[in-house]
Amino acid sequence: MESAMQFSTARSPIGDIVIVTAEDHVVWLHPAHGSVEDDLAHVAQTFRADIRHERTDAAAAAIDQLDGYFAGDVREFDVPLDWRLVKGFTREALQAVCGIPYGETAGYGEVAILAGRPRAARAVGTACANTPFSLVVPVHRVVRADGTLGEYGGRPELKRYLIDLEQGADPRLGG
């Protein structure tokens, strides 16, 4: 994709959030899965790019909105996202996820219907698992058909935290 990208981190109640930008658009935004360095190595390999520490306008906007989200003041993100590497049904599914209102959830099958492929619930799950933009594309709002939460980047406690935060419950990050 690009030969150079920039990264910033945002501190949050769920840990550091890694934000990678290119051409002043967010290309990657995720809670750190391990160390920030490990996540950056993964992103650099994925995009075949060099990544340097620099806070761009897009990253600053994302950090401000993330701070507002965790404070309960931001309900919808408006940061410039680079969708170029999100193709086909994955893109359609993730854009449908953006329509799930703050504080609400939708099943994988419901998102598949919204994305125009009613029988593609499993593909919605794959799209959610592979999003380059968690939080700002609210994949945490997508739940199983029986209403149980399911996974969230291998850390279901984060999903519970985010849903509790949005639904006005007392969010507590468990281990």
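Tabulated values for the structure
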item	result
Rounded percent of accessible protein surface that carbon and sulfur make up, the chain, 1.4 Å probe	47 percent
Spherically averaged projected area of the chain from its Cα convex hull (nm²)	9.3 nm²
Exposed trypsin sites (Lys or Arg not before Pro) absent - longest run of the chain, DSSP non-H/G/I/E/B, at most 13 other C-beta within 10 Å	120-171
Over the chain: helical MRE at 222 nm, DSSP H runs n ≥ 4 each giving -39500 (n - 2.57), nearest 500	-11000 deg cm²/dmol
Average Cα contact separation per residue, the chain, under 8 Å, 6 or more apart, as relative contact order %	19 percent
Accessible area in square angstrom per residue, the chain, 1.4 angstrom probe	50 Å²
In Å, descending, principal axis extents of the Cα set of region 5-71	35, 26, 15
Under 15 Å, Cβ to Cβ, from Ala93 - net charge with Lys/Arg +1 and Asp/Glu -1	+4
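The values are calculated or read from the model by the stated rules, or taken from the named source; none is laboratory data. Given the structure is predicted, the values throughout are model-derived calculations rather than measurements. Positions of Cβ are backbone-derived with ideal geometry, glycine not excepted, and every protein chain shown enters the neighbour counts. Keep in mind that these areas ignore ligands, DNA and RNA; they rest on the heavy atoms of the full protein, side chains included. Shrake-Rupley method; radii C 1.70, N 1.55, O 1.52, S 1.80 Å.
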